[in-house]
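Structure first, commentary second.
The values are calculated or read from the model by the stated rules, or taken from the named source; none is laboratory data. On a predicted model such as this, the values are computed, not experimentally measured, just so you know. Reconstructed Cβ throughout: ideal geometry from the backbone, glycine too, with neighbour counts over all protein chains shown. Side chains are part of the model used for accessible areas, which takes the heavy atoms of the whole protein and leaves out ligands, DNA and RNA. Shrake-Rupley method; radii C 1.70, N 1.55, O 1.52, S 1.80 Å.
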Amino acid sequence: MLLFETVREMGHEQVLFCHGKNPDIKAIIAIHNTSLGPAMGATRLFPYINEEAALKDALRLSRGMTYKAACANIPAGGGKAVIIANPENKTDEMLRAYGRFVDSLNGRFITGQDVNITPQDVRTISKETKYVVGVSEKSGGPAPITSLGVFLGIKAAVEFRWQSKRLDGMKVAVQGLGNVGKNLCRHLHEHDIKLFVSDVDPAKTEEVKRLFGATVVEPDEIYSLDVDIFAPCALGGIINSHTIPLLQAPIIAGAANNQLGNEQIHSQMLAEKDILYSPDYVINAGGLINVYNEMIGYDEEKAFKQVHNIYDTLLAIFDIAKQQGIHTNDAAKRLAEDRIMNSQRSHSKAIAA
């Protein structure tokens, strides 16, 4: 990977490599764009196979946050951080050292909880910086509102694909039963949808089977099921050259970040199979909406109104893609970039005035 060329091509403003010996810490903070406001993005702790993989994850996720905020009409930019470590090696000293790195940015980057970072970890980080959200979850956490957004996105995709608002009787395959996946299953079950689920943790699949009557399948089987909708709710990169030929679902709509292994190649492959893809950073924006509203003073009515806009935004993206003959992923980017450019023009005019 050519570092500066990659950063330039992806449009990042700043990438910080944070390193310390006492305690030992390796972290990357990627700030993609702050045109709409300070960069917001959670922190992920993960034992990456190498530093290049960690950087790639941070760059892609931070860019996705920029587009996510713009599509959700949230006045925030995009950022992301990754800490390269095994979860069992996580210590309070490491987290506090990371908090000091965040604090050194003086509010350009505001972070929160992601993979292998717990609410208690967030509170530990907050001992060193005020630029962290989720210290006290006034809303009960992001999972319920994120899963609601994904459910609304599924409704939008069904309406666009089949000109129908009815979901009952449909079949949905949900991959990954963390807090968001489990909550999504609840929404789907309440609308008489037949569920097929997989997870690497048997306890999670058994719970969803008991609660919602789901059919449990092996992780490798989830892709090839004859279902109406495939909802990826685990880690990213699972829509790729190996899995796309297996897919039978006409719609992909799930909560996972960075679902496409390669955006251009795999968007094209989905289009060739006539599969309607709901861009992940649009459909899963509920988490960002949730933490943003916690940061400014939680108003449940306002937050849920913003989440319901995901439905209309996805319909607009599907329509742009159809009218312009482009992939839905590209249509979402165009919508986000137009909103960023319009904001920049308005800011320039205000300064000139």
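Report the per residue volume, in Å³, of the convex hull enclosing the C-alpha atoms of the range 88-235. Don't skip to the answer; put the middle values down first.
On the way: hull volume 20.9 nm³, N = 148.
With only Cα atoms used, the range 88-235 gives 141 Å³ per residue.
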Going out from 0 in 10 Å bins, what whole percent of all Cα-Cα distances in the chain drops into each bin? 5, 25, 35, 25, 9, 1, 0
For the chain, built as a Gaussian network whose Cα springs stay under 10 Å, the top-fluctuating residue of 165, 204, 26: 165
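Accessible area per residue of the chain at 1.4 Å probe, in Å²?
Numbers: 15800 Å² over 353 residues.
Averaged over the residues of the chain, the accessible area is 45 Å².
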Just the Kirkwood number for the range 13-119, please: inverse of mean 1/r across all distinct Cα pairs, in Å, one decimal. 13.6 Å
Which of the pairs 56/171; 171/209; 80/322; 68/155 have their Cα atoms more than 26 Å apart in this structure? 56/171; 80/322
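Please pull out the direction-averaged projected area of the range 74-118, using the convex hull of its alpha-carbon atoms, in nm² to one decimal place. Could you put the intermediate results ahead of the total?
Details: hull surface 14.8 nm².
Here the figure is 3.7 nm², rounded to one decimal.
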Per the Cα gyration tensor, the range 63-153 corresponds to an equivalent ellipsoid with semi-axes, largest first in Å, of 24, 16, 13
Quick one: the Cα spread of the range 232-300 along its three principal axes, in angstroms, biggest first? 46, 19, 18
Hey, how many Å between the Cα centroid of the range 84-148 and the Cα centroid of the range 255-275? 30 Å
Residue of 210, 334, 96 that the Gaussian network model of the chain assigns the largest fluctuation, springs spanning Cα pairs under 10 Å: 210
Roughly how tilted is helix 328-352, in degrees to the nearest 10 and between 0 and 90, from the longest Cα axis of the chain? 40 degrees
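With a 1.4 Å probe and every protein chain kept in, tell me what percent of the accessible surface of the chain is carbon plus sulfur.
Details: 7870 of 15800 Å².
In the chain, the share of accessible area belonging to carbon and sulfur is 50 percent.
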In angstroms, what radius of gyration and Dmax does the range 157-235 have, counting Cα atoms only? 11.9, 37
Sequence-distant or interchain residues sharing an amide H contact under 5 Å with residue 197, placed H: which? 174, 215, 216, 217
Connecting C-alpha atoms closer than 10 Å in a GNM of the chain, tell me which of 185, 71, 18 has the biggest fluctuation. 18
Taking every DSSP bridge whose two residues both lie in the chain, the antiparallel percent to the nearest 5 is 35 percent
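Send over the Kirkwood Rh of the range 190-271, from the inverse of the averaged 1/r over different Cα pairs, rounded to one decimal Å. Each step should come with its number before you reach the end.
Details: mean 1/r = 0.0744 Å⁻¹.
Here the Kirkwood hydrodynamic radius works out to 13.4 Å.
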Just to confirm the number: angle between the C-alpha axis of helix 202-212 and the first principal axis of the chain, 0 to 90 degrees, nearest 10? 50 degrees
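For every other residue with a beta carbon closer than 12 angstrom to the beta carbon of residue 275, add +1 if it is Lys or Arg and -1 if Asp or Glu, then tell me the sum. Write out the running numbers ahead of the final one.
Details: positive: 161, 273; negative: 228, 272, 274.
Charge balance in the 12 Å sphere: -1.
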Cα axis of helix 179-190 to longest principal axis of the chain: angle in degrees, 0 to 90, nearest 10? 30 degrees
Quick check on the range 161-305: what are the equivalent-ellipsoid semi-axes from the Cα gyration tensor, as sqrt(5λ), descending, whole Å? 24, 20, 16
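Given the rule -39500 (n - 2.57) for each run of at least 4 DSSP H residues, summed and divided by the residues of the chain, what is its mean residue ellipticity at 222 nm, to the nearest 500 deg cm²/dmol? Each step should come with its number before you reach the end.
Details: 12 runs with 166 residues, N = 353.
About -15000 deg cm²/dmol.
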Kindly rank 228-241, 143-156 from highest to lowest mean number of other beta carbons found within 10 Å of each residue. 143-156, 228-241
